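Asks: Here it is, the structure, as structure tokens.
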Amino acid sequence: MKIAVIGAGIAGVATAHELAVAGHRVCVFERRGGVAAEASFGTNGVLSPALRPPWATRPLPRPPWRSMPTLGSWWLRARRAAAAGSAHDEAFWALARRSIDRLAHWRSRWPAEYERTDGVLYLWREPAAFELALAASDRLRAAGVRVNALDADACRRLEPGLSAAASISGGLLLPQAEAGNCRLAAHLWRDAAEQLGAEFRFGTSVRAIEGGPGGAAVRFEQLALTTGFAPAREGNEAGRNRAGGVGTERGGAQALLRQRALAAARYLAPVGSETFDAVVICAGTEAAALLAPLGLRLPLQPQAGQSLTLPLRSPERGPRSALVDVEREVTLTRLGERVRVSGGSELGPARKQPSERSMQPLYRALDTWVPGCAHLARPQAWHAARACLPDGLPMIGAVPGHAGLWLNIAHGNAGWTLAAGAALRIAEALDGRGVVDPASDPFAPTAARF
């Protein structure tokens, strides 16, 4: 089939690759100049089932009164869903595990790494909170997730850079979870997809999707010349080609550059329309605007998040992998020779620039857990909005009543964790493999979720 993918964040790039692997002709539309340029750019780097934690005890915060007219009904639906649902938790954990396994499958075929480290350590300061988490972690174990309980000394042995002054009552280690550079993985996925014939049209905004008997027509506008030419190389040596992998040595890189230049030259018309057998929307917060003209009112809300990435000054004092301060909801992640601190989320669109005030808790977390490990004068600040639905689950599958229209959206802060598994679900369903009854599938775009 000829398939359009709208959006080249981590979900869209992974979807394009899986569809290309299945033998489809794939075209990706992206309004920015490259892959992973918005919500996927500065993620916390964690791939873990516990991004939907069983130990969460803090209620969903109420939006400010000024936002209640627009967010009030959404917030109430989210509160009801949170109270309802262990079945949703288990579905999320199963998809996360499958996704991490699928990413490992592709990683073994890629010619480079993406600053990956093993294991995620969740830390608690308060003894009572840790005892509650210990009991709740049995639910993760029952779902097949390995969880190791550690006392404070074991946490420090695992992460010797932890400050001696930091209060630790205990920790939970998820050894099968991992951390890595989401943006770099997106570039590797793009390289692999293009080797299989997928096309990426950057600087191209999709204005409308129109269904018809011959397929789905995508109307688009060219915003700027393509800038996303370079093959993935960030932080890796070119020329290492694993068996069955993607060649990005000098010859392969030059071939990709020529392919991308030719693709850019073909799509310079300011507006255009093209018909596809199927369209998969992976457009994050922009998905609601694309669906509304089709009569689909999606209760999608942006949830703003932020991160701070700093070069390591003393690598031995930084985290070895990923640390999560559960009570303060801050994550510290090792990414090669850098450390990324992320945390804080609020309903509503992202600001154009993160405020200094919003970044202060991230600096404090760095100083609390791994003081002195980073160059504070050279920060890279990131702030973006992730799309989420009231039930906290992504929407993955075919849209009823709209032939050829598929969704892979609303992953919230778990887009990096779920990308590979969600993409595989889309590819399997499009080919009639692994079909799940929508009535029993919590991820399906059913009427109850609109």
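Asks: Going by the conditions given, is A419 modelled with pLDDT under 95, assigned by TED's automatic domain parsing to the domain that holds G211, at negative phi and not acidic (D, E)?
Replies: The answer is no for A419.
Asks: Sort through A439, A384, A414 and tell me the only one that's closer than 20 Å to A186 by Cβ and in a helix (DSSP H, G or I).
Replies: Being closer than 20 Å to A186 by Cβ and in a helix (DSSP H, G or I) holds for just one of A439, A384, A414, which is A414.
Asks: Also, quick follow-up: Between a first residue in the range 429-450 that is on the phi > 0 side of the Ramachandran plot and a second residue that is modelled with pLDDT of 95 or more and surrounded by fewer than 16 Cβ atoms within 10 Å (Cβ to Cβ), which pairs have beta carbons less than 8 Å apart while being 6 or more apart in sequence or on different chains?
Replies: The qualifying pairs are G434/E428.
Asks: Which members of the range 324-357 meet the condition of being touching a Gly at 6+ places or on another chain (Cβ under 6 Å) and surrounded by fewer than 19 Cβ atoms within 10 Å (Cβ to Cβ)?
Replies: E329, S345
Asks: Any residue that is at pLDDT 90 or above and assigned to a strand (DSSP E or B) - is there at least one of those in the range 280-293?
Replies: yes
Asks: Could you pull out every one of the strands (runs of 3 or more DSSP E) wholly within the range 129-202 that has 2 or more residues that are closer than 30 Å to Q259 by Cα, at pLDDT 95 or above and out of contact with any Phe, Trp or Tyr (no Cβ under 8 Å at 6 or more places or on another chain)?
Replies: Fully inside the range 129-202 and qualifying: 199-201.
Asks: Of the residues L76, L71, which is part of a helix (DSSP H, G or I), surrounded by fewer than 16 Cβ atoms within 10 Å (Cβ to Cβ) and either of a type outside the set (F, W, Y) or under 22 Å from the mean Cα position of the chain (by Cα) (or both)? Spell out how you get there, then give the answer.
Replies: Numbers: L71 fails: surrounded by fewer than 16 Cβ atoms within 10 Å (Cβ to Cβ).
Of L76, L71, the one residue that is part of a helix (DSSP H, G or I), surrounded by fewer than 16 Cβ atoms within 10 Å (Cβ to Cβ) and either of a type outside the set (F, W, Y) or under 22 Å from the mean Cα position of the chain (by Cα) (or both) is L76.
Asks: Name the residues in the range 107-125 that are of a type in the set (F, W, Y) and assigned to a strand (DSSP E or B), would you? It would help to see each step written out before you state the result.
Replies: Pass one, the range 107-125, residues of a type in the set (F, W, Y): 110, 114, 122, 124.
Hits for the range 107-125 are Y122, W124.
Asks: Let me ask another. Just for the range 368-396: of the residues that are without any contact (Cβ under 8 Å) to a residue 60 or more places away in the chain and assigned by TED's automatic domain parsing to the domain that holds V341, which one is surrounded by the fewest Cβ atoms within 10 Å (Cβ to Cβ)?
Replies: Among those residues, the one meeting the criterion is A377.
The values are calculated or read from the model by the stated rules, or taken from the named source; none is laboratory data. These figures come from a predicted structure and were not determined experimentally. Note: ideal-geometry Cβ built from the backbone for every residue, glycine included; neighbour counts use all protein chains shown.
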